[in-house]
Amino acid sequence: MARKTALQVRIAGTGSVLPGPPVTTSDLVARVPGSWDAARIERRTGIAARHFVRPGTTAAQLGAAALEKALAAARMPAETLTRVIFVDSLGGDTLIPATSNAVAGALGIAGTCDCFDLNNACLGFLSALDVAARGVATGQSAVAVVVAELPSRFITPDDPRPFFVFGDAAAAVVVTGTTNGAGILGSVLRNDAGNAGGVALAHPTHTGARETIRFTQPNARMLEIAAGLLRDSTNEVLSQAGLVLDDVDWILPHQPNGVMLDAFVEALGVDAARVVPVVHETGSVGAASIPVSLDRLVASGRLGAGDRVLMIGVGAGLSSGAMLLQTPR
């Protein structure tokens, strides 16, 4: 029997934005030096398209657009938020002040909530959602988690491996309290500082050079490490909740690429029908991957009352974790 809900909160609204028109793999092949087979790249990555922001678009603007959708879905005015947490694996728009301030400003919020940025690579959404849920469970009325990832700023045709994989996206959720059985049933978050993971982006003010995203390990090694961490995190969060995987209705893994997503589903031994794939049309969107798939699930109308949703991910750092959410009954 499942134990009592650990954190009695609910996700009152979700929203996501894919900027600009879709960019196909064939479009990118034409920009990369040398001879490339677009169909072969699609098979190896499981990515047919991705989206890039138009020049001049900021992470704050993209994040604010996603948050506006989440607030509309929650039927809440922006002024009800007591905290805005902005997540970006790539540093946001400004170091000082936090980019979250620009997100709040775009929604007309001034002097009514605190704003801060959070970075935990691709696991950043789950880290921020954990902070948000604990804040709401201990008295805050409503907290927004906003994720905006713009890797197009840090990729180049001269390095085809990341160039063919990454895309831009934003997503947001609004977290509020509840008394009807909804909540976070378990949360597991870990970082292994002894293993940086397979993706790196150096800080240009430290190196004095223009930096781009680099893959530092072969795909096979990254997949092996990630699959093991996902299994461990899943087992631990289910143990916290007193449940087994068959008790979970939906599984939303981080989606680095289509091939790795398929491997994650196989490693967990779950029916693919319980997963919401998005990477084939978004590319790898970092910390936005899980909330984009969550928003798609909500928008599809398939998420039912009392459904349990397992969100799991791995990121550089080496960060890993899982969160089990139950919807209102």
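The values are calculated or read from the model by the stated rules, or taken from the named source; none is laboratory data. These numbers were taken from a predicted model, which means no experiment stands behind them. Don't worry about glycine lacking a Cβ; one is built from the backbone with ideal geometry, like all the others, and counts go over all protein chains shown. Surface accessibility is based on the protein's heavy atoms, side chains included, excluding ligands, DNA and RNA. Shrake-Rupley method; radii C 1.70, N 1.55, O 1.52, S 1.80 Å.
Descriptive notes on the structure:
- The Cβ shell under 11 Å around residue 297 holds other residues with a net charge of 0, Lys and Arg each +1, Asp and Glu each -1.
- Per-pair calculated FRET efficiency, R0 = 22 Å: residue 220 and residue 36 via Cβ, rounded to 0.05: 0.55
- The residues of the chain expose on average 41 square angstrom of accessible surface per residue, using a 1.4 Å probe on protein heavy atoms.
- Accessible-area rank, largest first, for 85, 225: 225, 85, with all protein chains present and a 1.4 angstrom probe.
- Gyration tensor verdict on segment 166-282 (Cα atoms; rounded if a/c is under 1.5, prolate if a/b is larger than b/c, oblate otherwise): prolate
- Bridge type composition, the chain - antiparallel percent by DSSP, nearest 5: 70
- With the simple spin-label model, which puts each label point 7 Å out from Cα in the Cβ direction, the residue 305 to residue 206 separation comes to 5.1 nm.
- Within the accessible area of the chain, the carbon and sulfur atoms contribute 53%, probe 1.4 Å, all protein chains present.
- Simple rule: put +1 on each Lys or Arg Cβ and -1 on each Asp or Glu Cβ in the chain, find the dipole, and look at 72, 173, 162; the Cα lying farthest toward the positive end is 72.
- Between 207, 137, 186, the Cα set farthest toward the positive side of the dipole of the chain (charges on each charged residue's Cβ, about the Cα centre) is that of 137.
- Summing charges over all other residues whose Cβ lies under 11 Å from the Cβ of residue 215, with Lys and Arg as +1 and Asp and Glu as -1, gives +2.
- Whether the chain is rounded, prolate or oblate, judged on the alpha carbon gyration tensor where a/c under 1.5 counts as rounded: oblate
- Among 144, 299, 128, the largest mean-square fluctuation in a Gaussian network model of the chain, built with springs joining Cα atoms closer than 10 Å, belongs to 299.
- Each Lys and Arg contributes +1 and each Asp and Glu -1, all at the Cβ; summed about the Cα centre of segment 235-325, the dipole is approximately 200 debye.
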